[in-house]
Amino acid sequence: MFHVKEETPAALQFLDEALLEARKLKLFRERLAPQQVGSLSFCSNDYLALAGTPCVSAPSGAGASRLVAGERTEHIQLERAAADYVSLPDALVFSSGYVANVGLLSSLASSADLIVSDELNHASLIDGARLSRARIEVVRHLDVAAVERALQAPRAGRAFVVTESYFSMDADAPDLAALRSLCDAHHAALVVDEAHALGVLGPEGRGLCAKAKIEPDALVGTFGKAFGAGGAFVAGCRTLTTWLWNRARPFVFSTGLSPAVAAAAAAGVRAACVESWRRERVASGAAFFRDGLTQLGLKLSGFGHVIPWIVRDSAHALALAEGLRIRGVDVRAIRPPSVPLGTARLRFTVTAAHQTADLERAMDAIAFVSKRSSG
């Protein structure tokens with residue numbers, strides 16, 4: 001029997017040292033066991049509780065890049081459903097939200113251009129901007145005046161303003177109407193990632209751009225959260241999607257999204273359209289849970305279905321999460337680099353799967369661990 005060496009090769013031993021340092025700083029991430037039977041999850045992005053839906057019948061794989069031999073009917077149907085859902089002319093499906101953002105920004109901007117990016121934008125937006133080689137102006141979170149100053153500065157090329165519509169670690173939102181007006185005034189393109197808003201927020205769950213009654217130049221959405229499947233999309237004009245088909249390297253050089261996943265995602269979009277009770281349950285449950293936690297004296301921020309409890313210290317966040325796990329409530333400690341230093345938190349998410357009794361049980365557990373940690 002072949003013996004597998006467990007020792008770290010000499011050339012990679014620097015990784016052991018870095019991981020040891022992460023452990024000392026309470027920033028190490030353990031591989032987690034599957035969720036325990038009977039525990040309550042408050043860390044899932046399955047907002048509409050659609051991820052447990054039985055898979056629809058479709059081929060398991062695309063077999064190739066869609067530019068070669070991987071184009072499938074399921075892709076085309078999903079793109080039409082996504083574009084219609086966000087009321088934009090066209091959409092292109094990617095294998096994940098990360099890949100969509102990296103592919104979009106790295107192919108849109110070039111070294112002569114300017115990208116104005118909110119300081120709390122998702123890692124995928126940050127990485128896509130960096131890969132574009134554009135000049136990046138990072139602005140203070142939700143600071144419209146800072147965006148305006150960045151756009152007013154002299155520039156050689158084009159400009160792109162990049163933001164999330166609903167920041168999933170802080171549960172807050174930018175003034176999208178003001179950003180749209182600024183982009184129009186300064187001939188800039190507006191790129192909005194609606195990953196955590198679609199399906200839940202805005203009219204009929206169609207996002208916060210729809211609520212603000214604005215049309216971004218590029219809208220990114222994901223099927224792996226509220227729609228309960230996998231993959232993501234970029235929506236906009238036909239010229240944009242044609243450009244991405246030709247130039248977005250993560251799309252061009254990847255096997256097409258699994259047709260089975262695409263079919264499941266389309267089913268999720270349809271469910272979001274017709275099963276409004278899911279969205280209503282999320283809204284009422286989130287309001288009930290927020291109110292209950294506020295009455296416990298927790299300092300919360302933002303609005304909606306994501307509820308961050310910022311405790312600042314990573315070790316404290318880990319201890320609280322472990323205390324809740326012992327009491328059957330599954331929530332994760334969110335620590336740097338996912339959030340800025342000194343802002344470690346527990347990030348609760350309320351989904352359509354949560355009953356009132358589940359929320360009350362979680363509040364009882366939170367009351368116990370918060371009292372014990374402060375006592």
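The values are calculated or read from the model by the stated rules, or taken from the named source; none is laboratory data. Because the structure is predicted, anything quoted here is derived from the model rather than measured. Every residue, glycine as well, gets a Cβ built from its backbone with ideal geometry; the counts of neighbours run over all protein chains shown. These area figures cover heavy atoms from the full protein model, side chains too; ligands, DNA and RNA do not enter into them. Shrake-Rupley method; radii C 1.70, N 1.55, O 1.52, S 1.80 Å.
Quick notes on this structure:
- With Cα atoms defining each centre, the range 32-91 and the range 277-349 are spaced 26 Å apart in the structure.
- Element breakdown for the chain at a 1.4 angstrom probe: carbon and sulfur atoms account for 55% of the accessible area.
- For GluC sites (Glu not before Pro), the sites in the range 15-89 that DSSP calls loop and that have at most 12 other Cβ atoms within 10 Å are GLU30.
- Farthest towards the positive end of the charge dipole of the range 145-219, among the residues SER168, HIS187, GLY205, is the Cα of HIS187, using unit charges on the Cβ of Lys, Arg, Asp and Glu.
- R0 of 45 Å, Cβ-Cβ distance ILE76-ALA18: FRET efficiency to nearest 0.05: 0.50
- Exposure rule at most 10 other beta-carbon atoms within 10 Å, DSSP loop chymotrypsin sites (Phe, Trp or Tyr not before Pro): the chain longest free segment: 3-252
- Only Lys, Arg, Asp and Glu carry charge here, each on its Cβ (+1 for the first two, -1 for the last two); on that basis the range 1-97 has a dipole of about 180 debye about its Cα centre.
- Computed about the Cα centre, the dipole magnitude for the chain is approximately 340 debye when only Lys and Arg (+1) and Asp and Glu (-1) carry charge, each at its Cβ.
- Total lysine pairs in the chain at Cα distances under 25 Å, for residues eight or more apart or on different chains: 5.
- Solvent-accessible area per residue for the chain (1.4 angstrom probe, square angstrom): 49 Å²
- Exposed trypsin sites (Lys or Arg not before Pro) absent: longest stretch of the chain, with sites in DSSP loops and at most 12 other Cβ within 10 Å deemed exposed: 32-139
- The charge dipole of the range 143-190, taken about its Cα centre with unit charges on the Cβ atoms of Lys, Arg (+1), Asp and Glu (-1) only, comes to about 360 debye.
- The residue among ALA271, GLY323, LEU296 whose Cα reaches farthest toward the positive pole of the charge dipole of the chain, with charges on the beta-carbon of Lys, Arg, Asp and Glu, is GLY323.
- Each label point was placed 7 Å from the Cα along the Cα-to-Cβ direction; for VAL68 and ASP184 their separation is 4.5 nm.
- Taking the range 217-244 and a reference point 7 angstrom along Cα→Cβ of ALA58, the backbone N atoms nearer than 13 Å belong to 223-224, 228-233.
- Mean residue ellipticity, 222 nm, helices only, the chain: the sum of -39500 (n - 2.57) across DSSP H runs of n ≥ 4, divided by residue count and rounded to 500, is -12500 deg cm²/dmol.
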